[in-house]
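Report on the following structure.
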Amino acid sequence: MKIALLSRNSKLYSTRRLIEAAQARGHEIHVIDALRCYMEITSNRPGIHYKGTILSGFDAVIPRIGASITFYGTAVLRQFEMMGTYTLNESVAISRSRDKLRSLQLLSRKGIGLPVTGFAHKPDDVEDLIKMVGGAPLVIKLLEGTQGIGVVMAETQKAAESVIEAFMGLKANILVQEFIKEADGADIRCLVIGDKVVAAMKRQAKEGEFRSNLHRGGTSSLIRISPEERSIAVRAARTLGLNVAGVDLLRSSHGPVIMEVNSSPGLQGIETSTEKDIAGMIIDFIEKDSVNKSTRTKGKG
Ligand code: ADP
């Protein structure tokens, strides 16, 4: 196969591993920086230009689109889709997963376990908003935050009111969420490929911190997950339409709850913790799924 790997930096761990895994299986793989692509949107003749040449003959695309380039990155990916190229995760699924509120709404419709969550922009009655999600302690999040930035804990009613009012002053969209104390600063990252959790790791926040993000000093380790946790992770990925996803969940007293579904999960932490060849599994999945998909499409006529 000839594979396009949409990534901005070929030196990143995940990019390097996917290149290695594809080449080890005899595929040709090209790293393409989505921001450098320019597109022809003419009727019946969609095309992508890159560094003065036309991209053609690709059988599959692996999108690794950073949050900061979601708009342009998904547009380039959509252009590949217009040209009939198979993509590991579709552009519409990536856009969905990048919108925290939209993702939670879709997951809640499917009855998937979530922390009690409220969403607001400029509520007149902050007290009622806090009451709606069960009162303090609460976690308040900026809708557009990543890597734990913009995730704040309010231990008391008064603190919650002040944080919400401060965020309102910034004219930001905010999520107000039940604090899952029982998680004890740990979350579980499940790596889903197709309809399986192929690896899972626990991330533990450093002492005195409730956010387990590795960027915030969290540490990762191996963990065994329950059948219920496996099932919720796979359902979450499927609900958003992602073939490959990093599904983050917390162990709450009312069962596993989904925190976030990531469409470009990093491979370094999970491969190191589990010693599994996730990049290889992704390429194996593409080999099978791209064939299935082309038969499905042909079947549709
Ligand atoms: P980001 O997308 O910026 O990483 P998250 O919503 O995933 O933000 O939150 C970062 C971390 O904070 C989570 O991985 C989790 O460890 C912790 N956290 C977030 N929300 C809650 C919550 N409602 N209860 C307990 N811990 C939480």
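The values are calculated or read from the model by the stated rules, or taken from the named source; none is laboratory data. Note that the structure is a prediction, hence the values are computed from the model and not measured. Cβ sites come from the backbone with ideal geometry, for glycine too, and all protein chains shown count toward neighbours. Areas reflect the complete protein model, heavy atoms only, side chains present, ligands, DNA and RNA absent. Shrake-Rupley method; radii C 1.70, N 1.55, O 1.52, S 1.80 Å.
When each of Glu209, Glu127, Glu165 is tested for being modelled with pLDDT under 95 and within 11 Å of the ligand (Cβ to nearest atom), the lone residue that passes is Glu209. Test Arg45 against the stated conditions and say whether it is modelled with pLDDT of 95 or more, basic (Lys, Arg) and not assigned by TED's automatic domain parsing to the domain that holds Gly194. Spelling it out, it is not the case that Arg45 is modelled with pLDDT of 95 or more, basic (Lys, Arg) and not assigned by TED's automatic domain parsing to the domain that holds Gly194. Looking only at residues that are open to solvent by 70 Å² or more (accessible area, probe 1.4 Å) and in contact (Cβ under 8 Å) with a residue 12 or more places away in the chain in the range 13-29, which one is nearest to the chain's Cα centre (by Cα)? Taking the candidates together, the pick is Glu20. Remark: pairs (first residue in the range 201-213, more than 26 Å from Ile278 (Cα to Cα); second residue open to solvent by 30 Å² or more (accessible area, probe 1.4 Å); Cβ separation under 6 Å; 6+ apart in sequence or on different chains) = Lys206/Gly217; Phe210/Met153.
Scanning the range 135-156 for residues that are polar (S, T, N, Q) and more than 6 Å from the ligand (Cβ to nearest atom) returns a single hit, Thr156.
Could you check the range 154-192 and list, in sequence order, the residues that are without any contact (Cβ under 8 Å) to a residue 24 or more places away in the chain and not in a loop (DSSP other than H, G, I, E, B)? Within the range 154-192, Ala154, Lys158, Ala159, Ser162, Val163, Ala166, Gly169 meet the criteria. Taking the criterion of being within 16 Å of the ligand (Cβ to nearest atom), among the acidic types (Asp, Glu) and either open to solvent by 20 Å² or more (accessible area, probe 1.4 Å) or under 15 Å from Ser226 (Cβ atoms) (or both), the only residue of the range 239-279 that qualifies is Glu260.
If you go through the range 106-138 and keep only what is more than 24 Å from Glu155 (Cα to Cα) and loosely packed, with under 14 Cβ neighbours inside 10 Å, you end up with Arg109, Lys110, Gly111.
Out of the residues in the range 193-205 meeting the condition of being under 20 Å from Gln147 (Cα atoms) and part of a strand (DSSP E or B), tell me which one is farthest from the ligand (Cβ to nearest atom). Among those residues, the one meeting the criterion is Ala200.
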